[in-house]
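The values are calculated or read from the model by the stated rules, or taken from the named source; none is laboratory data. Everything numeric here is computed off the predicted structure, so don't read it as measured data. When the accessible area is computed, the model is the full protein with side chains, heavy atoms only, and any ligands, DNA or RNA have been set aside. Shrake-Rupley method; radii C 1.70, N 1.55, O 1.52, S 1.80 Å.
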Amino acid sequence: MAGRPPGAPPQTTATRPGATPASEPVTARLRKRLRRVRRRLRTAGVDYFRGGAADWPVLCALALLVPLLILLNIWLPDWAPPTSLVLPILAGALLLRPGSLVVLYALAALGLSAESVIHTGQRVASDNPEAYVYGVTPGAALVVGAAGVGGLLLAQFRARVGVPWWGGSTMLFDLRERLRVQSRVPALPVGWHADMALRPAGGQSFSGDFVVAARTGPGQRLLEVVLADVSGKGMDAGSRALLLSGAFGGLVGSLPAHDFLPAANGYLLRQSWEEGFATAVHLVLDLDTGEYELLSAGHLPGMQRVAGAGRWEVKEADGPLLGIYDGAKFEGVRGRLNRGDVLMLCTDGMVEAPGRDLTEGMDRLMGEADRLVPGGGSGAGAGAAAALIETVARDINDDRAVLLLWRD
């Protein structure tokens, strides 16, 4: 063949570059195209739900829904009242950016005007205008307008935050779960037990109280626990608590015990928060010997139940609040947990109440703990921390946290 080197195979449809092999069936080519389409749709969906893609497809879908609702209102006014336009408005408030939302609102306003004109004409053309009950009433227009104003405010807030509404909800859920995970005490050796409970103020999901716990030291034979109480309560305190719990979690075990609270104090000072102080107690417990040291930053004292004597001892360390001034010093107090002993740490929400002295609140707390953790044992204190909150501080509008440690 002219133009072909000697010995070269003849070019056919199956071997020509860029050609589709003749042996490939049509169904295989269709499957490949469908896979490409699915891939593109999935990528576009992921980008949109991450807030990084254009919202015009959603705008087009909602824009088509507006005339559909208008037609339904004209044909089936009993099933599609004028206020049904609230549906695309609310969906747009959740899914569209403010600029696109204004376009949708303009379409809804035109649709509402068209409904009013058409129903007015039908009323005039009817044999009994007084009996014609359909149309756009001032109340319906007010409802649609109020939904539009609320939706626009929501969209502007969402745009200012920079995350879609579903992303914001997921983010809050993740933050709450991280606080809960960080508040768990790690698994302890045989003979040691822990019980922890935390209740935010007012039944909210976020609390200014938090716990950071980790096994540290050679062979992880040390248990370090930080129980902190951030100033304020609710969402504001919860956001600061999340930031501090992450910082404290990075410091625990990375520094010597006596350096932790000074480092935490310096971290708070660098935040320059208007309401930026916090209290904290740092426990360092040797799981081999039971010896421990408590270091406090303006926090409530620890309480130890001495099994041999059958009484409670208050373990009060000395130190200022975190985030007040630089160069603060923190003095620790030492103790030892023997078999049957219980160590209790808590925040002020467990003992403070209007008209009740702090000492009285601590006495009541220790008395209830005596009843709930009578003598150690693997199941003696199961659920005792939550029961303490329900018994002692159930109706107190403050963040509450309590940690029990004991050995059998």
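Of note:
- Shown are Arg38, Arg97, Arg339, whose ranking by accessible area with a 1.4 Å probe and every protein chain present, most to least, is Arg339, Arg38, Arg97.
- Amide H contacts for Gly340 (H built 1.01 Å from N in the peptide plane; partners 5 or more residues away or on another chain; cut-off under 5 Å): Arg407, Asp408.
- The Kirkwood radius of the range 289-408, taken over pairs of alpha-carbon atoms, gives through the Stokes-Einstein law at 37 °C and 0.692 mPa s a diffusion coefficient of 218 µm² s⁻¹.
- Between amide H atoms placed 1.01 Å from N, distances below 5 Å from Ala197 occur with Val402, all of them 5 or more places distant or on a separate chain.
- Amide proton proximity set for Phe277, modelled H, under 5 Å, gap of 5+: Ser231
- With the whole protein complex present, His299 retains an accessible surface near 20 Å², based on a 1.4 Å probe.
- The range 217-278 and the range 285-356: distance between their alpha carbon centers, rounded to Å: 17
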